1. Under a Cβ-Cβ cut-off of 15 Å, what is the net charge of the residues other than Gly202 that fall near it, where Lys and Arg count +1 and Asp and Glu count -1?
2. For a quick protection proxy, order the peptides 203-210, 226-233 by their average other-Cβ count within 10 Å, most packed first.
3. Where does the charge balance sit around Val156 when Lys and Arg score +1, Asp and Glu -1, over other residues with C-beta under 12 Å from its C-beta?
4. Which percent of the accessible heavy-atom area of the chain goes to carbon and sulfur, probe 1.4 angstrom?
5. Which lysines does Lys159 reach when only Cα atoms under 16 Å apart count, and residues fewer than 8 places away in its own chain are ignored?
6. What number, rounded to the nearest 500 deg cm²/dmol, is the helix-based mean residue ellipticity at 222 nm of the chain, given -39500 (n - 2.57) per DSSP H run of at least four residues and division by all its residues?
7. Provide the net charge surrounding Val165, with neighbours chosen by a C-beta distance below 15 Å and charges set as Lys +1, Arg +1, Asp -1, Glu -1.
8. Just to confirm the number: angle between the C-alpha axis of helix 221-231 and the first principal axis of the chain, 0 to 90 degrees, nearest 10?
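The values are calculated or read from the model by the stated rules, or taken from the named source; none is laboratory data. Quick caveat, the model's predicted, so the values are computed rather than measured. With ideal geometry, Cβ positions are generated from the backbone for all residues, glycine too; neighbour counts draw on all protein chains shown. These area figures cover heavy atoms from the full protein model, side chains too; ligands, DNA and RNA do not enter into them. Shrake-Rupley method; radii C 1.70, N 1.55, O 1.52, S 1.80 Å.
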Amino acid sequence: MIEHLIPVLIGTLAAATPLIFAGLGELVTEKSGVINLGVEGMMLIGAVAGFGAALHWGLFAGFVAGALAGALAALPFALLTLSLGANQAASGLALTIFGSGLSAFVGQYLVSESLPGLQPWPIPGLSAIPVLGPIFFNQTVVVYLSYAAAIFVTWVLAKTRWGLVLRAVGESPEAAHTIGYPVTSIRYAAVCFGGAMAGIAGAYLSTVYTPLWVQNMTAGRGWIAVALVVFATWKPLRLLLGAYLFGGMTILQLHAQGLGVDLPSQLLSAIPYVATIVVLVLISRDRALLQLNLPASLGKPFIPGG
């Protein structure tokens with residue numbers, strides 16, 4: 001039984017990796033008091049930029065290009081919402097539409113290309129641990145970086161001065177501004193960090209997970225990443241667990257299709273999204289839990305002197 005589960009669990013970690021990067025970026029953005037619904041668009045821009053760069057200059061360049069493209073895509077959103085006071089939800093939706101269109105236009109020249117992908121890198125000693133070793137320590141380097149990213153974001157938010165300032169800006173930008181913190185600049189940095197992480201997530205999809213370019217290849221993962229932030233009640237390690245839940249549902253439905261389960265393929269493909277919605281509905285019923293970690297100024301514009 002365990003032998004049959006190991007491939008599923010290995011695939012779960014790989015499928016969850018783009019959600020972890022994108023979700024952590026959105027979590028940091030929201031901790032600053034800004035909600036960016038354009039994660040899907042930034043992932044698509046990162047995916048096409050990362051694939052194009054990797055095709056010409058190698059995989060590392062692909063990830064750098066994905067991160068830069070995602071951060072640059074986040075800048076117009078930041079300008080509209082933080083400097084001009086535009087509605088954050090509407091601006092995020094516009095970014096998603098823009099990212100979808102731009103990536104489709106640029107990616108039309110990359111459709112016939114492919115990359116060799118990235119082979120797993122077993123960690124000596126750890127990968128030999130029974131059951132857990134093959135699952136957690138026989139993955140690609142990018143999966144290992146997703147573990148590190150979740151731990152790093154947790155540490156920064158909870159244990160560093162920068163994290164304390166970020167959380168203060170998200171709770172009360174007026175108070176933070178009064179004592180001299182540059183609220184707008186901090187929020188710009190958080191939004192660009194979220195864009196860079198979404199770009200990395202997109203680059204992972206197009207260069208490692210499925211090493212080719214397909215239009216709209218994120219398939220709603222950006223929206224799932226936004227939902228996972230609420231699922232995790234703005235806690236990075238909980239987001240990690242939520243990403244693995246969704247990744248597990250994704251891999252299970254693929255295995256079910258491969259085994260010839262007598263259900264329409266469209267229904268099986270919808271299972272991960274339905275499961276996410278059900279979990280979010282259940283969590284949203286506990287208002288006390290949500291309010292405990294919800295940034296008080298989330299979605300509320302703040303213009304210094306305005």
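1. Surrounding charge for Gly202 is -1.
2. So the order, starting with the most tightly packed, is 203-210, 226-233.
3. Taking every other residue near Val156 into account, the sum is +4.
4. After summing per-atom areas, the C and S share lands at 72 percent.
5. Within the straight-line limit of under 16 Å, Lys159 reaches these lysines: Lys31, Lys235.
6. Mean residue ellipticity at 222 nm (helix-derived): -23000 deg cm²/dmol.
7. On the way: positive: Lys31, Lys159, Arg161, Arg167, Arg187; negative: Glu171, Glu174.
My count for the surroundings of Val165 gives +3.
8. Tilt of helix 221-231: around 60 degrees.
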